[in-house]
Structures are given as C-alpha cells and as structure tokens.
Amino acid sequence: MLAPSAQTWRFLSAAPPREVFAVMEQMIGTTPYRYEVVGESEARIVEHRRRGLFGQWGRPKIRIRWVRCRAVSITEGTWVEVEASSGGGLISKAMGKADRGPITRALQVIRLITAGAGDSRTIYRDRRIPPGPVTLVASWAGTPYRLFMEPRHDAPRGREILTASEVEALPKRSGQFVKVRVAGTDEGWVESDQIVPAPAVSTRAAQVETARFT
C-alpha cells in the first residue's frame, strides 16, 4: 500500500521532458528507491527496500514511500509537476521518526532543474559552444535528433542528425539555441546542451578545450 501524498510542486522549466526524467532517474532513482515509467509523460520512484528496527533491509509492505513526476512540453517550455508522499505513519510521526526522504529527494530534483542558467550545477546552464565541428552528446547515440528550423521549441523540425553526422556550429546563437550546418549544406538550430565540441585532432590540449564546454 502506497503512502499518502504529502506535498506537490508545479512549475515551468526550460529543460525538455527527457532531461527532467533523466535527472530524476539518475539523481533520486537510487536504492532504496526504484525508478519506474508510469506513462508517456509521467514517471515515479518507489521505495523497494526499507531498513528494519534492527538495521536489516527488507521489502516494505505498507505505506510505501514514493515521488512522482509529470513533465509535458508546452509553448512556454516544460510544465512540470512533482509530488512526494509522506514519510511515515502516525506512530512514526508521533515518535519523531518520520522519514523525510521522499520530500528531500523531490526537492533535490526541483532545485537542480530550476537553478538559473548561470549556475554551474544546473542541467540547463549557459553553455557557450564555439564555432567549429560539434557532435551530439552521448545520450543521443543511435537516436536521431531533429533540427529546429527556428530558435524556439515550438518551431517546425527539419533534418535528422546522429552522433556520427558531420555537424558544424556557426557563430550565430539565440538564447539556448545554436545554429548549425549539416554536411556543409542544410542549416538549422539545436539546443546548446545537446551538443559538444568535436575537435578534428584528438590531443590533450583539444580534450582540455572541449571539457570547458561540457
């Protein structure tokens, strides 16, 4: 039996839904919680291990703690709703032993996603991609990314690119978008957090320079 809901947060984020769920899985979907996909635009973490009275770990059966997240793309960005369960029953609360784990984990995700672009810890920090060869980040390996025809999230989509595609970043940028040229012909816009510099020569100096933008 799941624990009752304790708190809900609703906010607008610049990060796309895939980044929201990736952060949720990697940051808080860890033991003793388990990450689960609930639907096309919803996921949650559920407690699957709990420490007993004598320090032993077991599978919880009642008041299972959880954090749920829903992320939907809208014109203004990504609408996000995060909900966390309570951390214990009436007896635990009366004894002052209620676990704030669900709320604490939920706040970790919220703080990271809503951090300003100038914060180096945020997933959507202000990243300056220099002109020159670039490639998609590793998370896109084997998956096509469709270029934006204009520097906005509701713009029409154009050509698909892969991590192996020949892509060149152009000097022009607009907000979180960088203009790129594919195979020397097609042009479009890509989110700056989805690409990294790809120097032609793999030297130590080139690695250090690339690290500045990743």
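Remarks
- Output for the stretch 1-30, where each listed residue is in contact with a strand residue (DSSP E or B) (Cβ under 7 Å, 6 or more places away or on another chain), more than 12 Å from Val82 (Cβ to Cβ) and buried (at least 19 other Cβ atoms within 10 Å of the Cβ): Ala3, Ala14, Ala15, Pro17, Gly29
- Looking only at residues in the stretch 130-157 that are of a type in the set (Lys, Arg) and not in a loop (DSSP other than H, G, I, E, B), the one that is nearest to the chain's Cα centre (by Cα) is Arg146.
- Counting only residues that are surrounded by fewer than 21 Cβ atoms within 10 Å (Cβ to Cβ) and within 15 Å of Arg157 (Cα to Cα), the stretch 178-190 holds 5 of them.
- Candidate set from the stretch 1-27 (those that are over 16 Å from the mean Cα position of the chain (by Cα) and among the hydrophobic types (A, V, I, L, M, F, W, C)); member that is nearest to Arg146 (Cα to Cα): Trp9
- Of the residues making up the stretch 21-71, just one is of a type outside the set (Gly, Ala, Ser) and at positive phi, namely Arg63.
- Qualifying residue in the stretch 66-74 (condition: at pLDDT below 90 and either among the aromatic types (Phe, Trp, Tyr) or out of contact with any Phe, Trp or Tyr (no Cβ under 6 Å at 6 or more places or on another chain) (or both)): yes
- The number of residues in the stretch 79-125 that are under 13 Å from the mean Cα position of the chain (by Cα), among the polar types (S, T, N, Q) and either surrounded by fewer than 13 Cβ atoms within 10 Å (Cβ to Cβ) or at pLDDT 90 or above (or both) comes to 1.
The values are calculated or read from the model by the stated rules, or taken from the named source; none is laboratory data. Fair warning: this is a prediction, and the values are worked out from it, not measured in the lab. Please note: Cβ atoms are built from the backbone with ideal geometry, for glycine as well, and neighbour counts cover all protein chains shown.
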